[in-house]
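Below: the structure, in structure tokens.
The values are calculated or read from the model by the stated rules, or taken from the named source; none is laboratory data. Here the structure is a predicted model, which means the values were calculated and not measured. Cβ: placed from backbone, ideal geometry, glycine included. Neighbour counts: every protein chain shown. Accessible surface is based on the protein model in full, side chains and every heavy atom, while ligands, DNA and RNA are left aside. Shrake-Rupley method; radii C 1.70, N 1.55, O 1.52, S 1.80 Å.
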Amino acid sequence: MKLKRWQKSTACILLLLMIAGVLEYKGIIWHNNLFASKYKVRGIDVSHYQGEIDWGMVAGSGKWQFVYIKATEGKDMTDKEFKSNWEQARSQKMKAEASWGASAF
């Protein structure tokens, strides 16, 4: 009988972990909120991977006080969206900082 209870408990825990994983993957929950909630100043980092960004929405949300914008990575990659992201973020009065990525290769 104890084995069946253990199996049910394990199945419930696995189901909860799977649900949490799907919610995290879909962006419904964000695990970093648990760690960042005690900090009042929050920012985001962006690069060409995010595609076109609605900076009016980002700035207007009130969630973010600053943005790191990827400028380069490694010794020869320049982010093709850097200039556009920089100008649009600054036009929305966001505090912006350029970031330079390092590469091990």
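Observations, loosely collected:
- A residue that is in contact (Cβ under 8 Å) with a residue 24 or more places away in the chain and in contact with a helix residue (DSSP H, G or I) (Cβ under 7 Å, 6 or more places away or on another chain) occurs somewhere in the stretch 49-63.
- Matching entry among Trp6, Trp64 (being of a type in the set (A, V, I, L, M, F, W, C), outside any strand (DSSP E or B) and open to solvent by 90 Å² or more (accessible area, probe 1.4 Å)): Trp6
- The set of residues in the stretch 59-105 that are of a type in the set (Asp, Glu) and within 16 Å of Arg42 (Cβ to Cβ) contains only Glu97.
For (1) β-branched (Val, Ile, Thr); (2) over 19 Å from the mean Cα position of the chain (by Cα), each residue gets a yes or a no:
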residue: Glu52; (1), (2): no, no
residue: Val67; (1), (2): yes, no
residue: Lys75; (1), (2): no, yes
residue: Ser84; (1), (2): no, yes
residue: Lys93; (1), (2): no, yes
residue: Ala98; (1), (2): no, no
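- For the stretch 23-46, a residue qualifies if it is part of a helix (DSSP H, G or I), of a type in the set (A, V, I, L, M, F, W, C) and open to solvent by less than 80 Å² (accessible area, probe 1.4 Å), and the qualifying residues are Leu23, Ala36.
- Number of the condition not met by Ala20 [criteria: (1) open to solvent by less than 80 Å² (accessible area, probe 1.4 Å); (2) modelled with pLDDT of 90 or more]: (2)
- When the stretch 75-98 is limited to residues that are touching a residue at least 12 places away in the same chain (Cβ under 8 Å), open to solvent by 40 Å² or more (accessible area, probe 1.4 Å) and in a loop (DSSP other than H, G, I, E, B), the one that is farthest from Ala36 (Cα to Cα) turns out to be Lys75.
- Some residue of the stretch 17-40 being closer than 15 Å to Ser99 by Cα and either among the aliphatic types (A, V, I, L, M) or touching a residue at least 12 places away in the same chain (Cβ under 8 Å) (or both): no
- So Tyr49, is it loosely packed, with under 12 Cβ neighbours inside 10 Å, touching a strand residue (DSSP E or B) at 6+ places or on another chain (Cβ under 9 Å) and not in a loop (DSSP other than H, G, I, E, B): yes
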